[in-house]
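I have placed the structure first, in the form of structure tokens, so that the comments after it can refer back to it.
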Amino acid sequence: MRSGPSVLHVDLDAFYASVEQLDKPSLAGRAVVVGGTGPRGVVATASYEARRHGVRSAMSGAEARARAPHAAFLAPRFAAYAAVSGVVMRVLRELSPLVEPLSLDEAFVDLAAGPLGDLDEDGVRAAAHAVKERVHALTGVRASVGAAGTKLLAKVASDLDKPDGLVVVPLGTEAALLAPLPVTRLWGVGPATAERLRRAGVHTVGELAQVPEAELVGLLGQAHGTALSRHARGLDERSVEPEREAKSVSAEDTFPRDLVEPALLAHELERLVVRVVDRLRRDGQTGRTVTLKVRRHDFSTLTRSVTLPGPTDDRRTVGRVARDLLAGTDVSGGVRLLGVGVSGLADWAQADLFDAAAEEPAAAGADPAPAAPVATGPERPDWSPGLDVVHDEHGRGWVWGGGLGRVTVRFEHRGTAPGPVRTLRADDPALHPLPAAEVAATAVRAPLAAAGA
């Protein structure tokens with residue numbers, strides 16, 4: 001038993017969109033939507049200004065544009081998000097060695113393993129408030145924090161008072177907090193499970209807690225039914241598991257609804273690839289084997305893998321192999337969970353694996369289809385909205401839009417006033433994409449300088 005609500009869940013509010021608003025001064029206070037910008041694009045996240053118009057994550061870009069036609073629609077800049085996330089994770093590790101990142105924008109922290117002596121409700125609240133303020137001072141983004149005696153309750157609590165919220169759940173009050181909430185607030189309750197429960201007359205967590213476990217097992221299966229029975233009563237024995245030396249690096253996400261749209265699956269796959277490659281590079285490691293994990297709509301789980309001629313930490317290579325593996329997997333009925341992993345770790349990389357990857361036969365029964373070359377950096381044929389650029393004469397800016405051989409750039413960046421807009425030729429030799437390393441460095445350097453750190 002914990003002596004206080006010493007598990008924190010820290011969730012950065014509208015993270016991608018918040019970073020964009022900070023890095024692009026003219027977007028402060030405006031509706032911003034980050035995600036695929038093409039005709040089949042999908043929303044990754046939306047600012048709270050856009051959410052007021054009904055824009056939500058996983059919504060199609062077409063619907064988002066219909067709901068918020070005046071919003072700024074931007075392609076993701078993962079280098080900037082990863083850099084800011086790194087600052088946040090370092091702040092959390094000052095509190096405790098037990099920090100469990102779930103993604104770039106959220107993590108659990110076990111205060112009981114850290115130096116904080118006062119773990120009662122007031123002590124935890126003070127520590128959580130201090131974390132929120134330090135994160136904001138160092139990055140400019142706001143965080144919502146939940147504190148409770150379990151990971152389940154901490155995560156639920158962090159979502160109760162967004163944005164910039166702080167909710168502490170005193171020990172012994174967990175069931176009362178959960179009872180009036182809809183069942184969809186619990187882990188593992190997506191649309192399909194919620195519909196089964198609705199047909200059984202269960203709408204709230206309190207109603208779910210009254211259902212005998214045997215009935216839930218009969219309705220949802222052994223593992224799912226047992227877990228939900230315990231969670232509905234606020235029971236969760238899982239500990240905070242920090243990152244540690246491993247034989248593989250992986251990332252996976254379980255989705256609130258089964259994904260069937262190819263564009264959305266491709267977007268989620270790319271997010272997972274970025275998370276895995278970021279981990280590899282941060283740890284100074286590379287790997288030879290790329291593995292795809294897919295849990296389908298019927299809960300069947302498939303894994304497919306490819307072993308490369310040598311180790312790599314190249315995002316294009318890992319992404320290309322992962323896309324090939326997904327293309328060779330039957331996902332027509334929908335996907336509940338998607339995961340990407342890299343194993344066979346080493347501390348060196350082979351530079352020419354991008355071309356070699358297509359020639360390596362798949363293992364574990366995979367039969368991936370050939371992938372098209374990926375255009376990146378200076379070779380990219382289009383200027384994506386939101387892309388960081390630098391002009392030899394006009395300086396730093398970002399792409400507002402383009403087409404018909406033209407590209408419109410707003411010349412501003414974090415720390416400047418809203419800048420002027422100029423329309424240039426798309427082939428202007430003086431206009432260059434800003435290298436990812438400089439994007440990452442600026443995303444961290446600017447807020448640190450403003451905070452005097």
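The values are calculated or read from the model by the stated rules, or taken from the named source; none is laboratory data. Quick caveat, the model's predicted, so the values are computed rather than measured. Cβ: placed from backbone, ideal geometry, glycine included. Neighbour counts: every protein chain shown. Just the protein is used for accessible areas: all its heavy atoms, side chains included, with ligands, DNA and RNA removed. Shrake-Rupley method; radii C 1.70, N 1.55, O 1.52, S 1.80 Å.
Quick notes
- Count of residues meeting criterion [of a type in the set (S, T, N, Q) and either touching a strand residue (DSSP E or B) at 6+ places or on another chain (Cβ under 9 Å) or closer than 14 Å to Leu235 by Cα (or both)] in the range 166-203: 2
- Residue ID - surrounded by the fewest Cβ atoms within 10 Å (Cβ to Cβ), chosen from residues in the range 53-76 that are part of a helix (DSSP H, G or I) and of a type outside the set (A, V, I, L, M): Glu63
- Pick from the range 115-141, criterion open to solvent by 60 Å² or more (accessible area, probe 1.4 Å) and in contact with a Gly (Cβ under 9 Å, 6 or more places away or on another chain), ranking: farthest from Asp159 (Cα to Cα): Gly117
- Which listed residue is out of contact with any Gly (no Cβ under 8 Å at 6 or more places or on another chain), closer than 25 Å to Lys155 by Cα and in contact (Cβ under 8 Å) with a residue 60 or more places away in the chain, from Leu12, Leu8: Leu12
- Residues of the range 175-211 satisfying the condition of being more than 25 Å from Gly149 (Cα to Cα) and either acidic (Asp, Glu) or in contact (Cβ under 8 Å) with a residue 40 or more places away in the chain (or both): Pro191, Ala192, Glu195
- Taking the conditions (1) under 26 Å from Leu152 (Cβ atoms); (2) in contact (Cβ under 8 Å) with a residue 40 or more places away in the chain; (3) of a type in the set (S, T, N, Q) in turn, Ser305 satisfies each one other than (1).
- Exclusive hit being at pLDDT 95 or above and in a helix (DSSP H, G or I), set Ala79, Ala112, Ala50, Ala83: Ala50
- Scan of the range 212-238 for residues that are open to solvent by less than 30 Å² (accessible area, probe 1.4 Å) and without any contact (Cβ under 8 Å) to a residue 40 or more places away in the chain, ordered by number: Leu216, Leu220, Gly225, Ser229
- Qualifying residue in the range 276-295 (condition: within 16 Å of Leu325 (Cβ to Cβ) and in a helix (DSSP H, G or I)): yes
- Among the residues of the range 198-219, the ones that are over 28 Å from the mean Cα position of the chain (by Cα) and assigned to a helix (DSSP H, G or I) come to 13 in all.
- Arg198, sole failed condition from (1) under 30 Å from Asp298 (Cα atoms); (2) surrounded by 14 or more Cβ atoms within 10 Å (Cβ to Cβ); (3) touching a helix residue (DSSP H, G or I) at 6+ places or on another chain (Cβ under 9 Å): (2)
- Filtered by the rule that a residue be more than 26 Å from Ser85 (Cα to Cα), open to solvent by 30 Å² or more (accessible area, probe 1.4 Å) and of a type in the set (S, T, N, Q), the range 254-313 gives Ser300, Thr301, Thr303, Thr307.
- Count - residues of the range 151-180 that are more than 22 Å from the chain's Cα centre (by Cα), crowded, with 18+ Cβ neighbours inside 10 Å and not in a strand (DSSP E or B): 4
- Residues of the range 115-142 satisfying the condition of being among the charged types (D, E, K, R), in a helix (DSSP H, G or I) and under 26 Å from Ala28 (Cβ atoms): Lys132, Glu133, Arg134
- Residue tally, condition touching a Pro at 6+ places or on another chain (Cβ under 7 Å), farther than 15 Å from Gly146 by Cα and either touching a residue at least 60 places away in the same chain (Cβ under 8 Å) or acidic (Asp, Glu) (or both), over the range 74-111: 4
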